[in-house]
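The values are calculated or read from the model by the stated rules, or taken from the named source; none is laboratory data. What you see is a predicted model, and the numbers here were worked out from it, not measured in a lab. Neighbour counts run over all protein chains shown; Cβ positions are idealised from the backbone, glycine included.
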Amino acid sequence: MMDSVDYKIDFICDMLHSEHIPPGALQQIKRAADMNHPNMGLAIYVGMNPLMQALGTIFRRVYPASGSRYRFDFAPTLAEAERKLAQAQLENE
């Protein structure tokens, strides 16, 4: 779907009902960031496990180039994620 547009696409990933980190997720983080689509915008993860949030922060420090290509943030609720996306879109206008 991202191939069909010529602009950045932001998205919200609802993790509120996820109970654990998927197997192999940690090994795939950098690979996923390095291979992200050129039209991928900001990703907001809702209800993310605190351990995964900490790993996301570490990821940005250890792999700053990958972190700059794969923009992400965390929110405790869907309403907060929507607010963050709206704010980011206003700042990018």
Odd one out for Gly47 among (1) free of Cβ contacts under 8 Å to residues at least 40 places away in the same chain; (2) closer than 22 Å to Lys8 by Cα: (2)
In region 1-31, the residues that are touching a Ser or Thr at 6+ places or on another chain (Cβ under 9 Å) and of a type outside the set (D, E, K, R): Leu16, Ile29
Selection status of Ile21, modelled with pLDDT under 90, part of a loop (DSSP other than H, G, I, E, B) and farther than 21 Å from Leu85 by Cα: yes
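Report yes if Arg31 is free of Cβ contacts under 8 Å to residues at least 12 places away in the same chain, farther than 23 Å from Asp6 by Cα and surrounded by 13 or more Cβ atoms within 10 Å (Cβ to Cβ), otherwise no. Before you say what the answer is, go through the steps one by one.
On the way: free of Cβ contacts under 8 Å to residues at least 12 places away in the same chain: yes; farther than 23 Å from Asp6 by Cα: yes; surrounded by 13 or more Cβ atoms within 10 Å (Cβ to Cβ): no.
No: the conditions fail for Arg31.
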